[in-house]
Amino acid sequence: MKIKEIIREAFSLRNDTASHDTIKTRLVDDGQVTGSNMSILILAMLVASIGLNMNSTAVIIGAMLISPLMGSIHAMAYGAATADFHLFRKSVIGLMFQVTLSILASTIYFRLSPITTETSELLARTTPSIYDVLIASCGGLAGIIGITRKEKSNVIPGVAIATALMPPLCTCGFFLARGNWLRLASAMYLFFVNAYFIFLSAMTILLILEVPQVRHVSPEAWKKLKKRVIRNTIIVIIPSLVMAGIMINSQNSSRSTSNAIGAIENVSKQVKIIYPEIENVSLGNMEQMVNNKKQTSKVFIITVKEPLSNEKKEQLNKWLNAIYNEKVTIIQRKK
C-alpha cells in the first residue's frame, strides 16, 4: 500500500459516515424551533447572563453547553448544501427569532440587575479578531464531522464551548441595556463571525460528503454561489483582521513598557549597589528646543543622601550613556 493511499485512508471522511437519511434527520431535527427548544434557550440565556454578571467562567461554560443555537445553524448549512431553499429560509428565520429573543431577554435581565460592572468576561466578548474566525472555522469543522459519523461523536460540547454563541448575545443585551452602542456592535460582530464560520464549515463538509440535493442546480448557478460566498467571507473577515492588528500592537506596546520597567528596575538595583549614597532612581524624558527644533532626551533622576562627587557623577553618566546608547542627563535630588 502506497504512502498516499495510507494518508488518504487515514483522513477519509467517508469511511464511517452515517447514511444521508441519518444526517438529514440529525441536522433538521436539531434545527427545529419548538417550545422545548425555546424554553431551553431562555434558560441558557439566563444562566449566561448571570455568569457574565458575576464574572463566573464555569457558569458561562454551562450556558454554552445548554444553548440550542447551533442546531439552527447546522440546519441552515444542510439547506444550503442540498439546495433546499425552503429549509434554508425557515432555518434563517428561526435563528433570527432565537437571536432576537435572546437579546431581548438578556436586556431585560441586565436592566433589572443591580450589578452594572463591566466584568472581564463581558469585555472579553467585545474584542473579536481573526483568531475568533480560526476558532469558529476549526470548531465548526470538528462539529459537523462529529455529527455526520455513524456513531454520533461527543465533540459537540467542546465545539459549543470553543465557538461560543450565547455569551456574545448576552453581552449585546448588557450593552444595549447600558446604551453602549460601540460595545454592542463588537459583541454582535463576534456572534456573527462565530455563526457564519460554523455555517460555512458545516456546508463545506456536507458538500464534500455529497449529500443529495432536493433540486437540480446548474454548474453556472453553483459557480455564482461560490463567488458570492467567497465575497461575503472576505467582507466578514476584514474587520477581524483590523481588530487583530490593533490587539497585537497593544500587546507589543504593553510588552515594551513592561520590558522598560524591568530594565530600569535592574539598573536601579545595580546603581544602588555601586553608589550607596543613592537611595532612589527614576527615569524620565526631557524636551528642549535646540535650533528651533524640539528634542527629547533621557533624564536619570536620583535621590541621594549626600551629593555625588563630580568624579562619581561622571562615571555614572558614562555608564548610563553606554547602557541606553544615548546621552543621559543626571539630576540629583537631596533626600
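What number of residues in region 191-216 are within 17 Å of residue 20 (Cβ to Cβ) and hydrophobic (A, V, I, L, M, F, W, C)?
Summing the residues that are within 17 Å of residue 20 (Cβ to Cβ) and hydrophobic (A, V, I, L, M, F, W, C) in region 191-216 gives 9.
For region 185-224, which residues satisfy the criterion of being open to solvent by 40 Å² or more (accessible area, probe 1.4 Å), hydrophobic (A, V, I, L, M, F, W, C) and under 30 Å from residue 103 (Cβ atoms)?
185, 188, 192
With the checklist (1) of a type in the set (A, V, I, L, M, F, W, C); (2) in contact with a Phe, Trp or Tyr (Cβ under 9 Å, 6 or more places away or on another chain); (3) farther than 27 Å from residue 233 by Cβ in hand, flag the one item residue 80 doesn't pass.
With (1) of a type in the set (A, V, I, L, M, F, W, C); (2) in contact with a Phe, Trp or Tyr (Cβ under 9 Å, 6 or more places away or on another chain); (3) farther than 27 Å from residue 233 by Cβ applied to residue 80, the lone miss is (3).
Within region 97-111, which residues are under 24 Å from the mean Cα position of the chain (by Cα) and open to solvent by 50 Å² or more (accessible area, probe 1.4 Å)?
Passing the criteria: 100, 104.
I'd like the residue in region 19-54 that is at pLDDT 85 or above and either in contact with a strand residue (DSSP E or B) (Cβ under 9 Å, 6 or more places away or on another chain) or outside any helix (DSSP H, G or I) (or both) and, out of all such residues, is least open to solvent (accessible area, probe 1.4 Å).
Applying the filter and picking the extreme gives 23.
The values are calculated or read from the model by the stated rules, or taken from the named source; none is laboratory data. Remember, it's a predicted structure, so these values are computed and weren't measured experimentally. Here Cβ is always computed from backbone atoms with ideal geometry, including for glycine, and neighbour counts include all displayed protein chains. Surface areas here come from the heavy atoms of the whole protein model, side chains and all, with no ligands, DNA or RNA. Shrake-Rupley method; radii C 1.70, N 1.55, O 1.52, S 1.80 Å.
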